[in-house]
1. Give me the pairs, please: first residue somewhere in segment 194-215 and of a type in the set (G, A, S), second residue anywhere and in a helix (DSSP H, G or I), beta-carbon distance under 8 Å, and either six or more positions apart or on two chains.
2. Inspect segment 68-86 for any residue being under 24 Å from A125 (Cβ atoms) and in contact (Cβ under 8 Å) with a residue 40 or more places away in the chain and give the result as yes or no.
3. Any idea which of (1) buried (at least 18 other Cβ atoms within 10 Å of the Cβ); (2) outside the structural domain of N190 (by TED's automatic domain parsing) is the one E86 doesn't satisfy?
4. Considering only residues that are buried (at least 17 other Cβ atoms within 10 Å of the Cβ) and in contact with a Gly (Cβ under 7 Å, 6 or more places away or on another chain), which ones fall in segment 147-170?
5. Go through segment 22-78 and count every residue that is outside any loop (DSSP other than H, G, I, E, B) and under 28 Å from G119 (Cα atoms).
6. Could you tell me whether any residue of segment 208-217 is modelled with pLDDT under 95, surrounded by fewer than 11 Cβ atoms within 10 Å (Cβ to Cβ) and of a type outside the set (S, T, N, Q)?
7. What's the total number of residues in segment 19-59 that are within 15 Å of the ligand (Cβ to nearest atom), hydroxyl-bearing (S, T, Y) and open to solvent by less than 60 Å² (accessible area, probe 1.4 Å)?
8. Can you name every residue in segment 153-171 that is β-branched (V, I, T) and under 15 Å from T31 (Cβ atoms)?
Amino acid sequence: MEATDATTSATRRGSLFVVGLTGGIGSGKSTAARLFVQHGAVQVDTDALAHQLTAPGGAAMPAIVDAFGPLSARPDGALDRAWMREQAFGDPSRRATLEGILHPMIRAAADAELDRVDGPYALLAVPLLSERGGYRERMDRILVVDCSLDRQIARVMQRSGLTREQVMAVIAVQPTRAQRLAMADDVIDNDGEEFALAPQVEILHQKYLRLAQAKRTAAGPGHPDD
Ligand code: ATP
């Protein structure tokens, strides 16, 4: 496949430019991702993949039921999220068991989707991106959607109806704002009104098109991943 301009698809694994998108709960990742997709970026969303894997008939359900018993599945065969949240939230070893099942499957599904990407570049959304997890080697850049803790808490409370304490308990098990910012190549400031996102996304999108084109050019038509 010849890569001639920024809008040429880059399906070859080695030449696809991948932007990792992360941010704390309620920071505005989905809102920002929608804007990138409107510009033509292709999103691979690990949250959506996790939901597919744990839906009725989902590929992760047999292993989850094996490990946690029949109460972990609802009558329709989907993961009982409320039950699992209670089991896994306060118990690190149960959480590790669940993650040990789900994470490799999500990772494999994300890799498969990235291999099928037909677009100028991919936006790989990983809400809890950290040093662990193995996603970083697929990412050319890391984009963090950032807002203050207070705003994050307020937005999640408004959206979900959870109490302040419940939201803070979720935030406490996520990477900290400082940890996220330390790994960021690019940052979207989502402390302001939602309309302030569009111009930031526009600038970053143009930058990613240029970087994606440069990567395809560097890989060349004879790239070993062809
Ligand atoms: P999660 O981690 O829970 O998936 P997220 O990071 O994807 O969340 P969004 O779903 O994009 O975050 O945003 C969280 C909530 O805050 C949504 O209800 C969204 O409409 C709202 N929101 C996002 N950005 C802003 C903003 N700048 N001003 C006001 N509300 C916002």
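1. A198/L35
2. Looking for residues that are under 24 Å from A125 (Cβ atoms) and in contact (Cβ under 8 Å) with a residue 40 or more places away in the chain, one finds none in segment 68-86, hence no.
3. So E86 meets the others, but not (1).
4. Residues satisfying the conditions are C147, Q152, R155, V156.
5. 24
6. No, segment 208-217 contains no residue that is modelled with pLDDT under 95, surrounded by fewer than 11 Cβ atoms within 10 Å (Cβ to Cβ) and of a type outside the set (S, T, N, Q).
7. Summing the residues that are within 15 Å of the ligand (Cβ to nearest atom), hydroxyl-bearing (S, T, Y) and open to solvent by less than 60 Å² (accessible area, probe 1.4 Å) in segment 19-59 gives 4.
8. The one that is β-branched (V, I, T) and under 15 Å from T31 (Cβ atoms): V156.
The values are calculated or read from the model by the stated rules, or taken from the named source; none is laboratory data. Quantities reported herein were computed from a predicted structural model and do not represent experimental measurements. Using ideal geometry, Cβ is built from the backbone for each residue, glycine included, and neighbour counts are taken over all protein chains shown. To get the accessible areas, we keep the full protein, side chains included, count just its heavy atoms, and leave off ligands, DNA and RNA. Shrake-Rupley method; radii C 1.70, N 1.55, O 1.52, S 1.80 Å.
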